[in-house]
Amino acid sequence: MNLINKKNFRVAVKKTFLLFGCIAALGLTNSSFADQKTLVEKWLDGEVKANYPKLTYNGPPITLKYSTFVAPGTPMGKIQQRTFDRLKADTNGKLLVQPYWSSSLANAQRGAFDAVSQGIADFGTCYVIFNTGGFKMFLGLQLPYVFENSLQSSSTAEELYPKYLKKEYEGRDVYLLHVSTTQPQQILTQKKQILKLEDLKGQKMWAPGGLSQEIALALGGSPTSVQSSEIYTAFQSGVVDAVPMHDAGTKLFRLIETAKYRTVANLWINPTEYCLNKKAWAGLPPDLKGIFYHWAQIANTAEAQLYYDRESVEALDDMNKRGIKSTTLPPEELARWAKVSEPVIQNFIKTNTAEGLPAKAFYDDMLALQKKYKAMTPDQVTQALLDKPIPGIIDF
């Protein structure tokens, strides 16, 4: 018996592809999102409040060092700075974040776990996809053709974490603060437009780590791993031929400057985790712990909604204006891609189950949570987090 229901899987994939195809065909613009101020923006602007614990700490301000590879002037950097400003305001200036942008404090990609666990940074980006050693279940967040947008996948990842992923992550001697995710990856190329599965054969395909490399191989590509901070140069120079990238990332990593073609493929999402030094956490007063924990989850959905999802629409507008040719593959062709990717899912479940890990339950719960969050509006997701954070990400 198959470990997954292939018929249901293919139906879900077809619906997802059709959704993304409609978005691309309609040429939706950023104005679709700008008609009304969202609840998470109101939170960022201090117009709505989170149900935080009562602030009682009256000592001197506490500053946490934040390490990231992101540059301060980028859309992601600007959104993160807004969340830091909100934390400062919500704690009456008692809890502050000092960001170190562009890996200026430490390498915020490979080696980031060591930088945070050793206290070089108090918290920062610690991506499993660049540091896969010791991780098994966590890699399952990249299983293909599950999610339609970052709000769904980021919310699902946060909820899955305490039950399935916490032991692995804390095994790196850090806590997880929050985990957002990219949108599904589309394919950017310069020389060869990808119109069918055979067009990927032998193409040097960026696959930074985890299951992305297995998926790239299944599709016929040649997986090539470089840090995301190096991907612009690698793409420009031909070290990689095809770059799977979420649309917002085309601007963050400047790929929009060199790409000629974009193929809607919705390959996988990349989790983007933020880890926390255990001593830094232990040193916080109890009330600031509660506020910081709660703040992190609202900041997480702000990043998902305002960067990964909203910025992707603006990025697509910019790609169209630059003459980058977008192609939505026919459902029959996309079904072929899904079919050759199925063994990656089967193998993930089989291999981890053999090691005594609940991989099938994880996958089933991931599908169920996708449906849950698909049925919710962004404001409903935000309101749920304003009312109460997801418990168990850090025990305190």
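The values are calculated or read from the model by the stated rules, or taken from the named source; none is laboratory data. This is a predicted model, so every value here is computed, not measured. Quick reminder, even Gly has a Cβ in these numbers, built from the backbone with ideal geometry, and neighbours come from all protein chains shown.
Test Asp309 against the criterion of being surrounded by fewer than 18 Cβ atoms within 10 Å (Cβ to Cβ), of a type in the set (D, E, K, R) and part of a helix (DSSP H, G or I), and give yes or no. First the steps, then the outcome.
Numbers: surrounded by fewer than 18 Cβ atoms within 10 Å (Cβ to Cβ): no; of a type in the set (D, E, K, R): yes; part of a helix (DSSP H, G or I): yes.
Taking the combined requirement at face value, the residue does not satisfy it.
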| request: State whether one or more residues within region 171-188 are in contact (Cβ under 8 Å) with a residue 40 or more places away in the chain, crowded, with 24+ Cβ neighbours inside 10 Å and more than 30 Å from Ala296 (Cα to Cα). | output: yes
| note | Here the residues within region 202-234 that are under 19 Å from Val340 (Cβ atoms), of a type in the set (A, V, I, L, M) and in contact with a strand residue (DSSP E or B) (Cβ under 8 Å, 6 or more places away or on another chain) are Met205, Ala207, Ala216, Leu217, Leu219
| query | Quick check: is even one residue across region 108-115 at pLDDT below 95 and surrounded by fewer than 18 Cβ atoms within 10 Å (Cβ to Cβ)? | reply | yes
| note | If you go through Gly238, Gly323, the only one that is surrounded by fewer than 18 Cβ atoms within 10 Å (Cβ to Cβ), over 29 Å from Asp379 (Cβ atoms) and at pLDDT below 95 is Gly238
| request: Evaluate region 296-304: report whether one residue or more is of a type in the set (Val, Ile, Thr), at pLDDT 95 or above and either within 17 Å of the chain's Cα centre (by Cα) or surrounded by 23 or more Cβ atoms within 10 Å (Cβ to Cβ) (or both). | output: yes
| message | So the check is Cβ under 6 Å with 6+ separation or different chains; which pairs have a first residue in region 324-348 that's more than 18 Å from Gln142 (Cα to Cα) and a second one that's in a loop (DSSP other than H, G, I, E, B)? | response | Ile324/Ala259; Glu333/Lys196
| remark: So, first residue over 14 Å from Pro72 (Cα atoms) and outside any helix (DSSP H, G or I) in region 103-115, second residue modelled with pLDDT under 90 and not polar (S, T, N, Q), Cβ within less than 7 Å, six or more apart or across chains; the pairs are Gln109/Phe130; Arg110/Phe130
| query | Just for helices (runs of 4 or more DSSP H) wholly inside region 198-285: which have at least 2 residues that are free of Cβ contacts under 8 Å to residues at least 40 places away in the same chain? | reply | 211-218, 231-237
| note | Within region 53-92, the residues that are among the aliphatic types (A, V, I, L, M), surrounded by fewer than 19 Cβ atoms within 10 Å (Cβ to Cβ) and assigned to a helix (DSSP H, G or I) are Ala89
| If you scan region 190-223, which residues turn out to be among the polar types (S, T, N, Q) and either closer than 15 Å to Thr132 by Cα or surrounded by fewer than 18 Cβ atoms within 10 Å (Cβ to Cβ) (or both)? | Gln190, Gln193, Ser212, Gln213, Ser222
| said: Please count how many residues of region 368-396 are in contact with a helix residue (DSSP H, G or I) (Cβ under 8 Å, 6 or more places away or on another chain), part of a helix (DSSP H, G or I) and of a type in the set (A, V, I, L, M). | reply: 4
